[in-house]
Every structure is written in C-alpha cells, then in structure tokens.
Amino acid sequence: MSDELGFSTRAIHAGQEADATTGAVVPPIYQVSTYKQDGIGGFRGGYEYSRSANPTRTALEECLAALEGGGRGFAFASGLAGQDTIARSLLVPGDHVVVPSDAYGGTYRYFNKVARPQGIEHTIARVGDVESVRAAIRPGSTKIVWVETPTNPLLNVADIEALAEVAHAAGAVLVVDNTFATPYLQNPLALGADIVTQSTTKYLGGHSDVVGGAVVTAKRVEVPGFEDAEERIAFNQNSIGGVAGPFDSWLVLRGARTLSVRMDRHCDNAEKVVDFLTGHDGVSQVLYPGLPEHPNHDVAARQMKRFGGMVSFRMKRGEDAAVKACAAVRVWTLGESLGGVESLIEHPARMTHSSVAGTELEVPDDLIRLSVGIEDVDDLIADLREALDIHG
Ligand SMILES: *Cc1c(COP(=O)(O)O)cnc(C)c1O
C-alpha cells in the first residue's frame, strides 16, 4: 500500500483487502495449520503451513510494514520473541550490543541472562546522551545499538537520527523499540533506524487482551554485512517459530485500525494528568517528554508527533508513599503492562522492574508509572487526587 496515504488510512486498509472468496471486509481468522496443495508444490497464494505463513498473520504483517514505512513486517507471539529473533538473526558469539540503561526489564534480562551466556556481550549506555552511546561502542565488535525511546519507566528520549549516524559509523545496526511511541507518534525508520520492533501487547493491540510482537525492517538496510537483515529475520521467524497465531494476529490488527484515535486520546489525557501532577505538593518530579523542562524535550518535539500516554512521577515522601498511593486508587487499575484503553498504575521498583534491582538499571523506589487510558480524564484526575492527598 502506498506510503503516500495517511496513517489512519494505512492502519485501516493496508493488508486488509476484502476477502477474495466472500468479500468479508475484515480479514477472517484463518484458524488452520496446513493447506491443500493443487498437486505437489501447488500452493494457493503461497500458503503451505501456518508456522511459515498464515493469511491472517500476513494481513497483520503487511499492515505493520505500512505503519512503520518499512520493507517487511513480521508478527511474533510476543515482543520478546521478536527481539530474540532480531538478536539471533544479526549476532554471533563474540559480538557486542549497546543496551539502554533503562530498557524494558525483559529486554535487559534477555541480553544479560540469555544472550550473554551464549557469548553475546553488552554494555549499558544512557541512550538520551549520544556521547554515552558512542563511548559504549566497541569498534569492530558492536553489531547492534539497541534503543528504546521514550524509555521505560524513566521516559528518557533518545535522538534517533544522531544515534543512527553513530551506529552506522561503527558498522552497527540501529534497532529501535517503538512500543511507547507507536508508529503513529514516531517513525524510527524514517529517522535512519534499520529495524524497528514493538510489543503489540501494548498500544497496538490496545485492549489488554493479547500478547504479541512486531519487527519491521527498513526498505534498505545499508550497513555493510547486514544488507540481508530482512531475509535473515524471515528465515529465523520460520526456523525458530515464535510466530503470532491467527486469532492473536486478528486481535492486533483490530487494534491497529483504531490506533490513531486512541493515541490522540491517550495523549490528551496524559497532558491533563501531567498538569495535575506538576501542581501537586506530594510530587517531587514529573517525567514526561512533553514538559519543556524534560532534558530531551527538544529532541522529543522534533521526532515525535505528540508525547504519548506514559507518565512517571516521583513522590516527595518516598517509597512508602508511592506504594500506598498505588494501592489507594479506584478508577486506575494496579497492574503491569501498558497501552490499553484502561488506565494502569504501578510501582516499577517492586513490579515491572523488580528483575533489575541491584543492577545498573535499578529504578528509584519513589517512582510511580502511569499508563494513562482513554477514560474520562476528570475521573482519572479525581481518583489520583484522592490517593495523593491521603498518601502524598
Ligand atoms: C512489554 C514490552 C516489551 C516486551 O513485550 P512482550 O509482548 O511482553 O514480550 C518490550 N519492550 C517494551 C518497551 C515493552 O513495554
């Protein structure tokens, strides 16, 4: 589908032609493992076996590629399954990766506990600081610069364009985890990234009812030695097999169709919640890329359409106040994950980021993370006010 079309048009139509047999306007759930062949090797539409390809997954993969403006999309059973496939496609023992200092906990755990014992080394860098990334690169052995922006849960912002230059100058590929921003707010491939990944469990699915992952490769990866990144990922998606099932693909595709309207509401609500938090006595700091005092606000304003639905803040009275406030809400749900229509609150140090306690990635214990949903924002603020007035 043409890149000239607007984002919402691509979200609703890319990969989603009316069904050839029935005219069904929504791609059906092809809940099937194998396909009748018209004579040996006579595949209809190329379908042979559903690990290799399934029409519902194809619809999603075409949509993902169109949304990110990439060459090819791949749908996985989870965000981490997609990340693992990227790593195994681009790295061999002895290679080195630069990993963000506040990466998603599971991403760090993967590089630290899964990839490292298999001979893939990593160095932690503050991705909001280009020099920190440059210093972490080991010329000759760094093959991936891995970036999340905005980061989880500290909402740091990385300058994708600058980091693409730094990575490419060292012969490394820039991979961007676009989960927080989504392709609606930010297009890493257009800024020079080579591969973009996201957990579709979050905003893309958007309804907290599916776990999934996406990988999209640039139309052309020009880093010497990685020109075939797309073929390697395609080969490994099938050879490792962590694919998205038909129903999960269908759910993510359904979410994708409303991504733009949901994201706009997430952003509207987040901005109002940020206004409320910055004026509250019990809050010592609000972390949101949309705030002019955010250290990378200018970069965020340049590379993002808006600043997203994730907000973190620190409580003046410390960990105890943070833990109690998380438990005192009624409209907000205390829970992990993010990006669904419902608002979630959590305490990263004890919940999503407990696995990085004691490491370089440890997060402050007075920090609360919000995934601002699309409910009526007045209800969200009233509920937060009550919890913070008591415990702040
Ligand atoms: C959730 C998340 C992941 C991992 O995705 P899963 O679908 O849970 O495997 C990766 N990166 C970020 C930023 C996430 O929020």
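Ordering of 321-334, 22-35, 208-221 by packing is 208-221, 321-334, 22-35, highest average first (other Cβ atoms within 10 Å, averaged per residue). Spin-label pair Ser141-Ile390: with each label point 7 Å from Cα along the Cα-Cβ axis, the two points sit 5.3 nm from one another.
Subtracting the Cα-Cα distance of Glu161 and Asp38 from their residue separation scaled by 0.36 nm leaves 39.4 nm.
For Glu362 and His207, the difference between the fully extended length at 0.36 nm per residue and the C-alpha to C-alpha distance is 52.9 nm. Taking a point 7 Å out from the Cα of Leu5 in the direction of its Cβ, the residues of segment 22-55 whose backbone N falls within less than 20 Å of it are 22-29, 55.
The modelled label-to-label distance for the pair Thr258/Thr22, using points 7 Å beyond Cα in the direction of Cβ, is 2.2 nm. Net charge of the neighbourhood of Ser343, taken over other residues with C-beta under 15 Å away and scored Lys/Arg +1, Asp/Glu -1, is -4. Ordering Val92, Val127, Val166, Val99 from the fewest to the most neighbouring beta carbons within 10 Å gives Val92, Val166, Val99, Val127.
Spatially close Lys pairs in the chain, defined by Cα atoms under 21 Å apart and a spacing of eight or more places or different chains, total 6. Annotation: the chain has a Kirkwood hydrodynamic radius of 21.4 angstrom, from the mean reciprocal C-alpha pair distance. Between 0 and 90 degrees, rounded to the nearest ten: what's the tilt of helix 160-169 against the longest Cα principal axis of the chain? That works out to roughly 60 degrees. How would segment 258-392 be classified by its alpha-carbon gyration tensor: rounded, prolate or oblate, with rounded meaning a/c under 1.5 and the a/b versus b/c comparison settling the rest? Rounded, since a/c falls under 1.5.
Computed from the alpha carbon atoms alone, the convex hull of segment 314-389 holds 80 Å³ per residue. Taking the empirical scaling 2.2 N^0.38 Å for compact globular proteins as reference, segment 214-279 has a Cα radius of gyration ratio of 1.74. Each residue, Asp376 and Asn238, gets one label point 7 Å from its Cα in the Cβ direction; the gap between the two is 5.3 nm.
Counting only DSSP beta bridges with both residues in the chain, the antiparallel share comes to about 55 percent.
Axis angle, to the nearest 10 degrees, between helix 79-90 and the longest C-alpha principal axis of the chain: 60 degrees.
Remark: the Asp298-Glu48 segment gains 85.1 nm on full extension, using 0.36 nm per residue and subtracting the alpha carbon distance. Relative to the dominant Cα principal axis of the chain, helix 246-257 is inclined by about 60°.
Since every read-out is calculated from the coordinates, none of them should be taken as a lab result. Here the structure is a predicted model, which is why all the values come from computation and not from measurement. Every residue, glycine among them, receives a Cβ derived from its backbone with ideal geometry; neighbour counts consider all protein chains shown.
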